[in-house]
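Before any comments, here is the structure.
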Amino acid sequence: MTSDPFFHPVSGFDLPRFAGVPTFMRLPHLGLDDPRLADVRIGLVGVPWDSGTTNRPGPRHGPRQLRDASTMIRAQHGVTGVRPFEMVNCADLGDVGPNPADIQDSLSRITAFYDRLVQAGITPLTAGGDHLTSLPVLRALAKSGPLGMVHFDSHTDLFHSYFGGTMYTHGTPFRRAVEEGLLDPKRVVQIGIRGTAYDSEDRDFADSVGIRVIPIEEFHARGVTDVMAEARQIVGTAPTYLSYDIDFVDPTFAPGTGTPEVGGPNSYQALQVVRELAGVNLIGADMVEVSPPFDASGNTAFLAVSIMFEMLCVMAPQLARG
Ligand code: MN
Ligand code: MN
């Protein structure tokens, strides 16, 4: 399977990378009513929304910054040689329009957008947005049954509620997803968990439903290759979602996020963990919690889009085979 040249990104050989209107990876931008939507296999989508944020806000500004930083990405992987944009048709499908004043309305709008992608047979790669973004995306993707998930994060995001009963925050999306039957907890692995805690309520829930939590001390002791072999074994061959909170990475490398935790992986390991997912049956992925107001150097956004390119380099070959 090869892609239609219409869907190839603009090359820096043809137009300097600082020029032009920035789209994700310099891909063509299509609206959902574009007749060419039927030809798209991987859709990059922005969700500029952070109404689930409980601490320092800013990920609503993520998609615009990530589009700009993504103009730095070239067409070929530096290690594997994979050229994802020539394997399947990829496009920038624009942003979901959230309602920043109404969480439930925003959740509905996001799910409605992704329902249309599912109907069109498009695998979404999302740029958030805070981590609550993953819940409405999963509601659209898990229509045929619960999914597995590989989740990179400092935090489990499995808390029951905040502020005495608020159920929808960026600390609760995967608790709701398990309750709603969107995730099969036995096929969920959370990697990189660390930092000070409110209490152990989230970890106790993980244990009670069989979610595998790999805390950071185990990650560093075992190393990327061993940990990711276990992750692949946990999710198996059935449909699996990939969710990547940029605060998984050490704040030295990714300071631009709302809830940083020290002692994390470096930027090389941040890429490597995704490369180790080659062959996994990924039906969608996201990169969340990039907060440009805290990203003075722009390094966080550049790392995030570099990780998104790693995601494309495992998703495209898988889709091209299927
Ligand atoms: Mn998170
Ligand atoms: Mn986090």
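Just so you know, all these numbers are worked out from the coordinates, no wet-lab data involved. Quick caveat, the model's predicted, so the values are computed rather than measured. Note that each Cβ is placed from the backbone with ideal geometry, even for glycine, and that neighbours are counted across all protein chains shown.
How high is the relative contact order of region 176-322? Use alpha-carbon pairs under 8 Å, at least six apart in sequence, and give a whole percent.
Working: 198 pairs, mean separation 33.1, N = 147.
Taking the mean separation of contacting Cα pairs over the length of region 176-322, I get 23 percent.
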(message) To test your reading of the geometry: what angle, between 0 and 90 degrees and rounded to tens, separates the Cα axis of helix 103-119 from the longest principal axis of the chain?
(response) 50 degrees
(request) Pick out, from 72, 27, 44, the residue whose Cα sits farthest towards the positive end of the charge dipole of the chain, with +1 on the Cβ of Lys and Arg and -1 on the Cβ of Asp and Glu. (result) 27
(request) Let me have the relative contact order for the chain, percent, based on Cα pairs under 8 Å that are six or more residues apart. (result) 21 percent
(message) So if I restrict to the alpha-carbon atoms in the chain, what is the Rg, and what is Dmax, the biggest pairwise distance, in Å?
(response) 18.0, 56
(request) In nm, give the distance between the simple-model label positions of residue 55 and residue 321, each being 7 Å from the Cα along the Cα-to-Cβ direction. (result) 3.8 nm
(request) Could you tell me whether region 148-226 comes out rounded, prolate or oblate from its Cα gyration tensor? Rule is a ≥ b ≥ c as square roots of the eigenvalues, rounded for a/c under 1.5, then prolate if a/b exceeds b/c, otherwise oblate. (result) oblate
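Taking only DSSP H segments of four or more residues, each worth -39500 (n - 2.57), what value at 222 nm results for the chain once the sum is divided by all its residues, to the nearest 500 deg cm²/dmol?
Numbers: 9 runs with 101 residues, N = 322.
After summing the helix terms and dividing by the residues of the chain, the value is -9500 deg cm²/dmol.
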(request) Obtain the nm distance between the two label points defined at residue 166 and residue 237 by a simple spin-label model: each point lies 7 Å from its Cα along the Cα-to-C-beta direction. (result) 4.5 nm
(message) Once each part is reduced to its C-alpha centroid, what is the distance from region 206-226 to region 46-98 in angstrom?
(response) 27 Å
(message) To the nearest 20 Debye, how big is the dipole of the chain about its Cα centre, given +1 on the beta carbon of each Lys and Arg and -1 on that of each Asp and Glu?
(response) 760 debye
(request) Calculate, for residue 83 and residue 217, the FRET efficiency according to 1/(1 + (r/R0)^6) with r their C-beta to C-beta distance and R0 41 Å; round to the nearest 0.05. (result) 0.65
(request) Apply the Karplus parameterisation 6.51 cos²θ - 1.76 cosθ + 1.60, with θ equal to phi minus 60°, to every residue of region 285-290 and state each ³J(HN,Hα) to the nearest whole Hz, in sequence, with x for glycine and proline. (result) 8, 9, 10, 10, 6, 6
(request) Give the angle, between 0 and 90 degrees and rounded to the nearest 10, that separates the Cα long axis of helix 299-321 from the longest principal axis of the Cα atoms of the chain. (result) 70 degrees
(request) Using the charge dipole of the chain (Lys, Arg: +1 at Cβ; Asp, Glu: -1 at Cβ; taken about the Cα centre), state which of 237, 133, 156 has its Cα farthest towards the positive end. (result) 237
(request) In whole Hz, with x marking every Gly and Pro, tabulate ³J(HN,Hα) for region 267-272 from phi via Karplus 6.51 cos²θ - 1.76 cosθ + 1.60, θ = phi - 60°. (result) 5, 5, 4, 4, 7, 4
(message) Students often check this: by mean Cβ neighbours within 10 Å, which of 243-252, 214-223 ranks highest, and how do the rest follow?
(response) 243-252, 214-223
